[in-house]
Amino acid sequence: MKKQKILNKEIASFDFQSGGEASSNLKNILRKLGVPAKTVRKTAIITYELEMNVVIHSCGGELTALISENELEIRVDDSGPGIEDLDKAFTAGYSTASEEIREMGFGAGMGLVNVKRYADQIDVKSSSKNGTHVRVIIEL
Ligand SMILES: Nc1ncnc2c1ncn2[C@@H]1O[C@H](COP(=O)(O)OP(=O)(O)OP(=O)(O)O)[C@@H](O)[C@H]1O
Ligand SMILES: [Mg+2]
């Protein structure tokens, strides 16, 4: 099945001004494409959490979205420092966010848990050398 790229957007590290733009842009694109509201909402939760993780925990990266007739593929790639322990990262309440970040309302340790809950498929590859690469499939 041929997939079409509908978004590719850079995500800057620690840029809380623009943080959330990629997921917000994607939301608008999906609405225009006529994707059902429930799927748009689910996708927005997933992409917002992954985008903010890049803003907060990484050195910067990008979000790419591809669509085919029956699925939406989201790729969020960053350049490190990587997730040390993936099992811990997917545990509710686990966060390495600093006090400063927590004061901004992040760091509940619920982001990846929610991504996993709403994704139909998820694949995470992470290392200190190559950064973090998340691929999510959402069925349409
Ligand atoms: N892109 C990333 N690069 C490096 N570490 C990450 C990345 N994404 C997540 N992590 C690590 O996994 C932990 C859990 O991530 P998760 O999104 O679940 O929680 P959080 O970002 O700390 O808090 P919340 O998402 O609730 O605001 C993070 O605290 C961080 O240590
Ligand atoms: Mg998070």
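The values are calculated or read from the model by the stated rules, or taken from the named source; none is laboratory data. Computed from a prediction, not measured in an experiment: that's the story for all the values here. In this analysis, Cβ positions are derived from the backbone assuming ideal geometry, glycine residues included, and neighbour counts consider all displayed protein chains.
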Right, Thr43: among the β-branched types (Val, Ile, Thr), away from ligand 1 (no atom under 16 Å from the Cβ) and farther than 19 Å from Phe106 by Cα or not? yes
Residues that are within 25 Å of Ile67 (Cβ to Cβ) and small (Gly, Ala, Ser), drawn from segment 83-125: Gly111, Ala119
Of everything in segment 109-119 that's more than 9 Å from ligand 1 (Cβ to nearest atom) and either closer than 18 Å to Ile11 by Cβ or touching a residue at least 40 places away in the same chain (Cβ under 8 Å) (or both), which residue is surrounded by the fewest Cβ atoms within 10 Å (Cβ to Cβ)? Tyr118
Take Ser68 and decide whether it is in contact (Cβ under 8 Å) with a residue 40 or more places away in the chain, polar (S, T, N, Q) and over 19 Å from Ile6 (Cα atoms). no
Condition check: of a type in the set (D, E, K, R), within 9 Å of ligand 1 (Cβ to nearest atom) and under 15 Å from the mean Cα position of the chain (by Cα). Does Asp78 satisfy that? yes
Any chance Arg102 is modelled with pLDDT of 95 or more, within 11 Å of ligand 1 (Cβ to nearest atom) and outside any loop (DSSP other than H, G, I, E, B): yes
Could you list, in sequence order, the residues of segment 51-107 that are of a type in the set (Asp, Glu) and either touching a Lys or Arg at 6+ places or on another chain (Cβ under 7 Å) or surrounded by 17 or more Cβ atoms within 10 Å (Cβ to Cβ) (or both)? Glu51, Glu62, Glu73, Asp77, Asp78
Give me the residue from segment 46-75 that is among the acidic types (Asp, Glu) and more than 23 Å from Gly131 (Cα to Cα) and, out of that set, nearest to ligand 1 (Cβ to nearest atom). Glu71
With the first residue restricted to segment 122-140 and required to be under 13 Å from Leu72 (Cβ atoms) and within 16 Å of ligand 2 (Cβ to nearest atom), and the second required to be assigned to a strand (DSSP E or B) and among the acidic types (Asp, Glu), Cβ contacts under 9 Å at 6 or more apart or on different chains are Val136/Glu73; Val136/Asp123
